[in-house]
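Derivation of every value follows stated rules applied to the coordinates shown; laboratory data play no part. Note that the structure is predicted; figures quoted are calculated from it, not measured. Don't worry about glycine lacking a Cβ; one is built from the backbone with ideal geometry, like all the others, and counts go over all protein chains shown.
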């Protein structure tokens, strides 16, 4: 429970000090909440700094083998942002899409899965949670999800199901292990086009008419940064740290 308590305190502090969002109603009183996770962090230091400069309560998911993940994740965590492990995992269309040599595959043993997760956690020691990079095959596989959830429970980490496949078992298995979880509802930037991404942000906000909590995932690229910057005013009443949409 210690990591969760720290995450909540950190998120509270971040919200208060980020002036552009502090003027809105206290997010703990918000009934409609949108959380945004930025994936594929760890390659572009300058762009990471630009995302940070938005002063939005974003969460940042770092690829453990990216060259700057260690230093950037520590910096963003120190500056009050939630950082996560973006864990490479086997997709359904492997080997066409290859998550790399440090990924969890359907043939990966329990011991090797734990070794890979420990390796990733050491690379990003300030991580509060984990989500999958690719991973559509793993999200359908109860055995490997249970390995992952056992690890997350042991280290008191949450899970964001990137939902790269419709019938994902991610949050179902997380609940069995008592791991806090939330499921991605919108991908913001399947097209690297500012107008398209702004449309996806509007779609996420529209979902709040039927849901109290929505998780959207974008990626560390220039177009996503520009779209978020341009939509800052519209996001202000709803955007919260990801720790406040977990269940």
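With neighbours defined as other Cβ atoms within 10 Å of a residue's Cβ, the residues 243, 165 order from fewest to most as 165, 243. Put a dot 7 Å past the Cα of residue 74, heading toward its Cβ, do the same for residue 46, and the two dots end up 2.4 nm apart.
Computed over Cα pairs, the Kirkwood radius of the stretch 173-217 leads via Stokes-Einstein (1.567 mPa s, 4 °C) to a diffusion coefficient of 110 µm² per second. Taking every Cα-Cα distance in the chain and sorting them into 10 Å bins starting at zero, the pair-distance distribution P(r) comes out as 8, 34, 39, 17, 2, 0 percent.
Counting other Cβ atoms within 10 Å as a rough exposure proxy, the listed residues 43, 121 run 43, 121 from fewest neighbours to most.
Residues 220, 181 in ascending order of nearby Cβ atoms (within 10 Å, fewest first): 181, 220.
Entry for the stretch 182-247 at q = 0.15, 0.24 Å⁻¹: log10 I(q)/I(0) = -0.43, -1.10, Debye formula applied to identical alpha-carbon scatterers, no solvent contribution. Calculate I(q)/I(0) for the stretch 58-188 by the Debye formula, one identical point scatterer on each C-alpha and no solvent, and give its log10 at q = 0.12, 0.14, 0.22 Å⁻¹ to two decimals. Rounded to two decimals, the profile gives -0.40, -0.55, -1.42. Per-residue extension of 0.36 nm, minus the Cα-Cα distance of residue 92 and residue 110, leaves a gain of 4.5 nm for this segment. Each peptide in 52-61, 191-200, 72-81 gets a packing score, the mean of other Cβ atoms within 10 Å over its residues, and the list from highest to lowest is 52-61, 72-81, 191-200. Shown here are the Rg and Dmax of the Cα trace of the stretch 131-225, at 14.6, 42 Å. The stretch between residue 172 and residue 118 holds 17.1 nm of extra length on full extension. This uses 0.36 nm per residue minus the Cα-Cα distance. Taking the Cα atoms of the stretch 61-111, the ratio Rg/Rh between the radius of gyration and the Kirkwood radius comes to 1.09.
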